[in-house]
Amino acid sequence: MTGPERAVREGVPLRSRYTPADLGVFTPEEARRYVSPGDGDPRSNAVLAWELLYRLEPELYDRLASVERLHPGVVDWLPRDADRIAEVGAGTGRLTMELLGRARRVVAVEPAAPLRRILARKLAAAEHGGRARVVPGFFDQLPLPDEYADLVVACSAFTPATGHGGEAGLAEMERACRPGGRVVIIWPNHLDWLGARGYRYVRFPGPMSVEFGSYHEAVELTGVFYPKAAGEVRRRGLRTVPFEVLGINPPCDLAFKVLGRPDPHAGAQ
């Protein structure tokens, strides 16, 4: 996207940025998973709008993900000395970069090619000793062998919806996890759905905010991603915006399951 085009679209809410004419950016495999018959308008389908964002404006998405930082307790909870970690729906590396020092090998699975390119650039610039690689793949068709990783994790990517996880995706994550390893969903939704499938919930306390690089960036990005909060951001002149102002739960929780062995975290809350 050129500078003038970007300026015209600055602040346009996500739900208004794309039209059905943009669906041609999807590969046939992506279209099969994300575009439902009779529900192909991103102006009325927020999930579809996000998928178009990843492919049409990946740098814009990366700007948001870079300031929506995870609670440090979430990262600290993850294993520190794994042999292999597989991350599914890695995006531009919000979690991936935190995993580099926690395993001898890290595989980041991401379906959207533009996001893979951004993550690959970040990994190339990081000193990770060749431990990490980025590969294409979907939740329901992971390019991983059985019992591959000690930790299989998804951050702000997994939902019960078929195209974004669902029963098949959860089964794939568990298939790729070694006995005694953990499958972890960070920043989960639909906790009852996960709980019914044997997942336990952990939440870390404390206030959380999104710290934008400037007041202008806070106004711009909230206008795109949190339009109901943009007026409050302007009124209060905020650069650091509490999650309660944005109207969403902060990234301070996770759901997990230990595969095939007694759960050492039983009772953890």
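The values are calculated or read from the model by the stated rules, or taken from the named source; none is laboratory data. Since this is a predicted model, take the numbers as computed values, not measurements. Methodologically, a virtual Cβ is constructed for each residue, glycine included, from the backbone with ideal geometry; neighbour enumeration extends over all protein chains shown. Remember, those area values only see protein heavy atoms, side chains included, never the ligands or the DNA or RNA. Shrake-Rupley method; radii C 1.70, N 1.55, O 1.52, S 1.80 Å.
For the criterion of being in contact (Cβ under 8 Å) with a residue 40 or more places away in the chain, more than 21 Å from D140 (Cα to Cα) and either among the aliphatic types (A, V, I, L, M) or part of a helix (DSSP H, G or I) (or both), R63 passes. Within region 226-247, identify whether any single residue is surrounded by fewer than 19 Cβ atoms within 10 Å (Cβ to Cβ) and among the aromatic types (F, W, Y), and answer yes or no. Yes, region 226-247 contains at least one residue that is surrounded by fewer than 19 Cβ atoms within 10 Å (Cβ to Cβ) and among the aromatic types (F, W, Y). The combined condition, being assigned to a helix (DSSP H, G or I) and touching a residue at least 24 places away in the same chain (Cβ under 8 Å), is not fulfilled by R94. Just so you know, in region 163-189 the residues that are in a loop (DSSP other than H, G, I, E, B) and modelled with pLDDT of 95 or more include one that is most open to solvent (accessible area, probe 1.4 Å), and it is W187.
A quick yes/no check of all residues on (1) within 20 Å of D76 (Cα to Cα); (2) in a helix (DSSP H, G or I); (3) basic (K, R):
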site: V106; (1), (2), (3): yes, no, no
site: P111; (1), (2), (3): no, no, no
site: L115; (1), (2), (3): no, yes, no
site: A120; (1), (2), (3): no, yes, no
site: A124; (1), (2), (3): no, yes, no
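Taking the criterion of being open to solvent by less than 80 Å² (accessible area, probe 1.4 Å) and not basic (K, R), the residues of region 197-208 that qualify are G198, Y199, Y201, V202, F204, G206, M208.
Does any residue of region 42-56 turn out to be part of a loop (DSSP other than H, G, I, E, B), among the hydroxyl-bearing types (S, T, Y) and open to solvent by 60 Å² or more (accessible area, probe 1.4 Å)? Yes: one or more hits. Does region 214-225 contain at least one residue that is part of a loop (DSSP other than H, G, I, E, B) and either within 27 Å of A161 (Cβ to Cβ) or of a type in the set (A, V, I, L, M, F, W, C) (or both)? The answer is no; no qualifying residue exists. Each residue in region 248-266 was checked for being open to solvent by 80 Å² or more (accessible area, probe 1.4 Å) and either modelled with pLDDT of 95 or more or aliphatic (A, V, I, L, M) (or both), and 1 pass.
If I filter region 144-162 for residues that are open to solvent by 10 Å² or more (accessible area, probe 1.4 Å), closer than 21 Å to D192 by Cβ and part of a helix (DSSP H, G or I), do I get at least one hit? So far as region 144-162 goes, yes, one or more of its residues are open to solvent by 10 Å² or more (accessible area, probe 1.4 Å), closer than 21 Å to D192 by Cβ and part of a helix (DSSP H, G or I).
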